[in-house]
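**Q** The structure that follows is given in the form of structure tokens.
The values are calculated or read from the model by the stated rules, or taken from the named source; none is laboratory data. If you're wondering where the values come from, they're calculated on a predicted model, not measured in any experiment. Using ideal geometry, Cβ is built from the backbone for each residue, glycine included, and neighbour counts are taken over all protein chains shown.
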Amino acid sequence: MQLLPKFTSIDYLAQANTLAAEFAQTAIERDKAGGTPLAERDRLRKSGLLKLIIPQEYGGLGEGWDTVLKITRKFAEVDSSIAHVFSYHHLSVVSPHLFGSLEQRKHYYTLTTKNNWVWCNGFNPLDRRVILTPEGSHFRINGTKSFCSGSVDSDLIPLTIVQEDVEGFRIAIVPTQREGVVVNQDWDNMGQRQTDSGSITFNNVFIEADEILTPDPARAVFKTFRSCLTQITFTNIYLGITLGAFAAAKEYTQTSTRAWLTSGVEKATDDPYILQHYGEMWMNLEAAILLTDRATQLVQTAWEKQENLSAVERGECAIAIATAKAFVTKLGLELTSKIFDVMGTRSTHSRYGFDRYWRNLRTFTLHDPVDYKVKAIGDWVLNDQFPTPDFYS
């Protein structure tokens, strides 16, 4: 009997590095064009990396969030839109795992691996316009949901919906191609331009009862963990963008920047103020990497505990993520602007596309106010209060 080759996390990371190098070749042009990264999404489909987080028992690769997030960060260094779409697939594909029954988890994991499905995002708790209405033994949904990242060319939408007389949200898994689902393709923002984060309209869409996720009461803490996964994903993308900007600036400074006329040196790489800027940027980047790696590992450890995850362990994880995210956000927004100080005027030419790092980061970091993360950290430091679990903490 011929044994199938055994792959490791290192193999998947190497595969991701190859894809990242490929995506980098067209990143600037695609950023200018906007629209959907259809070819790049097809490459992700064919790569098998969309099955990373799905357990092996359901046909997946059985990797952890640490591997998923390393790859997400690598993609973000060259193309944060691709990192966005890639990571949101993983955030969404675990929705039945977090919010559904064991049967629903098995059902959606198995079908996803069998059909090579791509999941998009329909979790937007601030948008309460999609209404669920009972109709006999099934349901109908109507309304529009905004910020549906990865919507174009997706197969499934995990969707937060409102039902009359039901507290909070219900979550349905809706096939994108079902009758009445309209992907509006109306995303036209200054950054993250290829994330397909526009709106989806639902016109009297039929929903089976078992397409609404039914959480297990015994998993009360674990089902609140999606916000931790979302926030650590954002943190790794922000860090990837920042690292990408730093690497691009470094290469440009080494090859194209000129020393200032009063610097007393011939090469920009010997200019004392340029050296000072790079030293300060690197010190802060080192801190950002350490904070993010620590929070990422805590996320992986918490995920492995599943239903045994305690409220304290979740709280400690949330604080570590908030600390990393707040630090990376502030550093990233500063660094993606500061790189022009060390590159010079000619670096602003549109052919380089260096402005995309700031535009992408500025757009994405507005997802939820970083001030509230800092406040949550302060409340924990001063009052020993963990953040209240919700869709953002």
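**Q** How many residues are under 16 Å from Thr388 (Cβ atoms), hydrophobic (A, V, I, L, M, F, W, C) and part of a helix (DSSP H, G or I) when one looks only at region 223-235?
**A** 1
**Q** May I ask you to say which residue of Arg73, Arg129 is among the charged types (D, E, K, R), at pLDDT 95 or above and under 18 Å from the mean Cα position of the chain (by Cα)?
**A** After applying the criteria, what remains is Arg73.
**Q** Name the residues in region 261-296 that are part of a loop (DSSP other than H, G, I, E, B) and hydrophobic (A, V, I, L, M, F, W, C), would you?
**A** Scanning region 261-296 gives Leu261, Val265.
**Q** Further question on the same structure: Scan region 353-393 residue by residue and report those that are within 30 Å of Lys32 (Cβ to Cβ), in contact with a helix residue (DSSP H, G or I) (Cβ under 8 Å, 6 or more places away or on another chain) and of a type in the set (A, V, I, L, M).
**A** Once the filter is applied, which keeps residues that are within 30 Å of Lys32 (Cβ to Cβ), in contact with a helix residue (DSSP H, G or I) (Cβ under 8 Å, 6 or more places away or on another chain) and of a type in the set (A, V, I, L, M), region 353-393 yields Leu361, Val370.
**Q** Here is a follow-up. Would you mind stating whether Thr36 is among the hydroxyl-bearing types (Ser, Thr, Tyr), closer than 16 Å to Gly240 by Cβ, surrounded by 16 or more Cβ atoms within 10 Å (Cβ to Cβ) and not assigned by TED's automatic domain parsing to the domain that holds Thr296?
**A** no
**Q** When region 359-393 is examined, which residues are found to be assigned to a helix (DSSP H, G or I), among the aromatic types (Phe, Trp, Tyr) and closer than 30 Å to Ala27 by Cα?
**A** Phe364
For every residue, the table says whether it meets (1) small (Gly, Ala, Ser); (2) free of Cβ contacts under 8 Å to residues at least 40 places away in the same chain.
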{"residue": "Ile10", "(1), (2)": "no, yes"}
{"residue": "Leu19", "(1), (2)": "no, no"}
{"residue": "Gly59", "(1), (2)": "yes, no"}
{"residue": "Lys70", "(1), (2)": "no, no"}
{"residue": "Ser95", "(1), (2)": "yes, no"}
{"residue": "Phe99", "(1), (2)": "no, no"}
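**Q** Let me ask you something else. Scanning for something under 30 Å from Ile377 (Cα atoms), touching a Ser or Thr at 6+ places or on another chain (Cβ under 9 Å) and not assigned by TED's automatic domain parsing to the domain that holds Tyr88, does region 267-279 turn up at least one residue?
**A** Yes - at least one qualifying residue is present in region 267-279.
**Q** Turning to a different aspect of this structure: What pairs come up if the first residue lies in region 207-225 and is surrounded by 14 or more Cβ atoms within 10 Å (Cβ to Cβ), the second is assigned to a loop (DSSP other than H, G, I, E, B), and their beta carbons are under 6 Å apart, counting only those six or more places apart or on different chains?
**A** These pairs meet every condition: Leu213/Gly100; Thr214/Ser101; Val221/Leu309; Phe222/Leu309; Lys223/Pro215; Thr224/Pro389.
**Q** Going residue by residue through region 367-385, is there one that turns out to be closer than 30 Å to Asp127 by Cβ, of a type in the set (S, T, N, Q) and within 21 Å of the chain's Cα centre (by Cα)?
**A** So far as region 367-385 goes, no, none of its residues is closer than 30 Å to Asp127 by Cβ, of a type in the set (S, T, N, Q) and within 21 Å of the chain's Cα centre (by Cα).
**Q** Go over the candidates Thr296, Thr269, Thr257, Thr253 one by one and state the one that is in contact with a Leu (Cβ under 9 Å, 6 or more places away or on another chain) and in contact (Cβ under 8 Å) with a residue 60 or more places away in the chain. Before the answer, list the steps.
**A** Details: Thr269 fails: in contact (Cβ under 8 Å) with a residue 60 or more places away in the chain; Thr257 fails: in contact with a Leu (Cβ under 9 Å, 6 or more places away or on another chain); Thr253 fails: in contact with a Leu (Cβ under 9 Å, 6 or more places away or on another chain).
So the residue among Thr296, Thr269, Thr257, Thr253 that is in contact with a Leu (Cβ under 9 Å, 6 or more places away or on another chain) and in contact (Cβ under 8 Å) with a residue 60 or more places away in the chain is Thr296.
**Q** Within region 163-203, restricting attention to residues that are outside any loop (DSSP other than H, G, I, E, B) and in contact with an Asp or Glu (Cβ under 9 Å, 6 or more places away or on another chain), which residue is nearest to Val78 (Cα to Cα)? Steps first, answer last, please.
**A** Step one: filter region 163-203 for residues outside any loop (DSSP other than H, G, I, E, B), giving 163, 170-175, 181-183, 200-203.
Keeping just the survivors that are in contact with an Asp or Glu (Cβ under 9 Å, 6 or more places away or on another chain) gives 172-175, 183, 203.
Values: Ala172: 34, Ile173: 31, Val174: 32, Pro175: 31, Val183: 27, Asn203: 38 Å.
Restricting to residues being outside any loop (DSSP other than H, G, I, E, B) and in contact with an Asp or Glu (Cβ under 9 Å, 6 or more places away or on another chain), the top hit is Val183.
**Q** Going through region 30-48 one residue at a time, which ones are out of contact with any Asp or Glu (no Cβ under 9 Å at 6 or more places or on another chain) and either modelled with pLDDT under 95 or at negative phi (or both)?
**A** Across region 30-48, the qualifying residues are Lys32, Ala33, Ala39, Leu44, Arg45, Lys46, Ser47.
**Q** Would you confirm, using the coordinates I've provided, whether Leu98 is surrounded by fewer than 24 Cβ atoms within 10 Å (Cβ to Cβ), of a type in the set (A, V, I, L, M, F, W, C) and touching a Phe, Trp or Tyr at 6+ places or on another chain (Cβ under 7 Å)?
**A** Yes; evaluated as a whole, the condition is true for this residue.
To keep it simple, each residue is scored yes or no on (1) over 17 Å from Thr233 (Cα atoms); (2) surrounded by fewer than 17 Cβ atoms within 10 Å (Cβ to Cβ).
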{"position": "Glu307", "(1), (2)": "yes, yes"}
{"position": "Ser310", "(1), (2)": "yes, yes"}
{"position": "Ala318", "(1), (2)": "no, no"}
{"position": "Ala322", "(1), (2)": "no, no"}
{"position": "Lys330", "(1), (2)": "no, yes"}
{"position": "Arg351", "(1), (2)": "yes, yes"}
{"position": "Thr363", "(1), (2)": "no, no"}
{"position": "Ser393", "(1), (2)": "no, no"}
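**Q** Select, from Arg105, Arg73, the only residue that is on the phi < 0 side of the Ramachandran plot and surrounded by fewer than 24 Cβ atoms within 10 Å (Cβ to Cβ).
**A** Sole residue among the options that is on the phi < 0 side of the Ramachandran plot and surrounded by fewer than 24 Cβ atoms within 10 Å (Cβ to Cβ): Arg105.
**Q** Let me ask you something else. Are there any pairs with C-beta distances below 6 angstrom linking a residue in region 132-147 that is touching a residue at least 60 places away in the same chain (Cβ under 8 Å) to a residue that is part of a strand (DSSP E or B) and polar (S, T, N, Q), with the two at least 6 apart or on different chains, and if so which?
**A** Pairs found: Leu132/Gln163; Arg140/Thr133; Arg140/Asn204; Asn142/Asn204.
**Q** Right, another one. Sort out which residues of region 39-48 are surrounded by fewer than 20 Cβ atoms within 10 Å (Cβ to Cβ) and touching a residue at least 40 places away in the same chain (Cβ under 8 Å), and write them in order of number.
**A** Arg45
**Q** So, in region 168-204, of the ones that are out of contact with any strand residue (DSSP E or B) (no Cβ under 8 Å at 6 or more places or on another chain) and surrounded by fewer than 22 Cβ atoms within 10 Å (Cβ to Cβ), which residue ends up modelled with the lowest pLDDT?
**A** Gly168
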